[in-house]
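Trainee: Take this structure, written in structure tokens, and hold onto it; I'll ask about it next.
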Amino acid sequence: MTLTVRVISPDKTVWDAPAEEVILPSTTGQLGILSGHAPLLSALDIGVMRVRAAKNQNWQAIALLGGFAEVEENEVTILVNSAERGDKINLEEARAAYTQAETRLSQVPAGDRQAQIQANQAFKRARARFQAAGGLV
């Protein structure tokens, strides 16, 4: 049996295909989904979702920028703020953005809580995109 997996952002459907397995970046850690999984609703963190496609058994990485996942009757619906398939991300641009975000994060003054939160979120987004593109295995 396979899962029907849909990743939907406000502006497009990023993924809509059958899959054998899904690994999600939930707010409590990595979450693996196989067919026959119990019903579930989970908040998603910024990170990389991995999908093992049913037709060719290859893993596809998708950078998720927060959202929710619902699992019910072998259907996985993922609603996200933004998502990008790893094979559509330029690796060198993602590497540069990751390095820049890492530098910015290290330069935030210790007492500026709002700047720390913003820099940390930017770093997590850049890291997710870089990982999905094939960097930082």
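Trainee: For the stretch 103-112, state whether one or more residues are in contact with a Phe, Trp or Tyr (Cβ under 6 Å, 6 or more places away or on another chain), surrounded by fewer than 20 Cβ atoms within 10 Å (Cβ to Cβ) and in a helix (DSSP H, G or I).
Mentor: Yes, some residue in the stretch 103-112 is in contact with a Phe, Trp or Tyr (Cβ under 6 Å, 6 or more places away or on another chain), surrounded by fewer than 20 Cβ atoms within 10 Å (Cβ to Cβ) and in a helix (DSSP H, G or I).
Trainee: Would you please list the contacts, defined by Cβ atoms under 6 Å and residues six or more apart or on different chains, that run from a residue in the stretch 34-61 that is under 23 Å from Asp87 (Cβ atoms) to a residue that is of a type in the set (Lys, Arg)?
Mentor: Ile46/Lys124; Ile46/Arg125; Trp59/Arg50; Trp59/Arg52; Ala61/Arg50
Trainee: Inspect all residues belonging to the stretch 48-56 and state whether any of them is open to solvent by 40 Å² or more (accessible area, probe 1.4 Å), among the aliphatic types (A, V, I, L, M) and either over 26 Å from Ala115 (Cβ atoms) or in contact with a strand residue (DSSP E or B) (Cβ under 6 Å, 6 or more places away or on another chain) (or both).
Mentor: no
Trainee: Scan the stretch 67-77 and give yes if some residue there is under 13 Å from Ala128 (Cα atoms), modelled with pLDDT of 95 or more, surrounded by 19 or more Cβ atoms within 10 Å (Cβ to Cβ) and not basic (Lys, Arg), otherwise no.
Mentor: no
Trainee: Restricting to the stretch 1-19, name every residue that is touching a Lys or Arg at 6+ places or on another chain (Cβ under 8 Å) and buried (at least 18 other Cβ atoms within 10 Å of the Cβ).
Mentor: Val14, Trp15, Ala19
Trainee: Could you check the stretch 56-106 and list, in sequence order, the residues that are over 30 Å from Met1 (Cα atoms) and in contact with a His (Cβ under 6 Å, 6 or more places away or on another chain)?
Mentor: none
Trainee: Given the options Ala83, Ala43, Ala94, name the one that is within 13 Å of Gly134 (Cβ to Cβ) and either open to solvent by less than 30 Å² (accessible area, probe 1.4 Å) or not polar (S, T, N, Q) (or both).
Mentor: From the options Ala83, Ala43, Ala94, the qualifying one is Ala94.
Trainee: Tell me yes or no: at least one residue of the stretch 5-25 is touching a strand residue (DSSP E or B) at 6+ places or on another chain (Cβ under 6 Å), in a strand (DSSP E or B), touching a residue at least 40 places away in the same chain (Cβ under 8 Å) and among the charged types (D, E, K, R).
Mentor: The answer is yes, given that some residue of the stretch 5-25 is touching a strand residue (DSSP E or B) at 6+ places or on another chain (Cβ under 6 Å), in a strand (DSSP E or B), touching a residue at least 40 places away in the same chain (Cβ under 8 Å) and among the charged types (D, E, K, R).
Trainee: State whether the residues of the stretch 127-135 include one that is open to solvent by 70 Å² or more (accessible area, probe 1.4 Å), modelled with pLDDT under 95 and either in a helix (DSSP H, G or I) or in contact with a Gly (Cβ under 6 Å, 6 or more places away or on another chain) (or both).
Mentor: no
The values are calculated or read from the model by the stated rules, or taken from the named source; none is laboratory data. Everything numeric in this text was worked out from a predicted model, so none of it was measured. Note: ideal-geometry Cβ built from the backbone for every residue, glycine included; neighbour counts use all protein chains shown. These area figures cover heavy atoms from the full protein model, side chains too; ligands, DNA and RNA do not enter into them. Shrake-Rupley method; radii C 1.70, N 1.55, O 1.52, S 1.80 Å.
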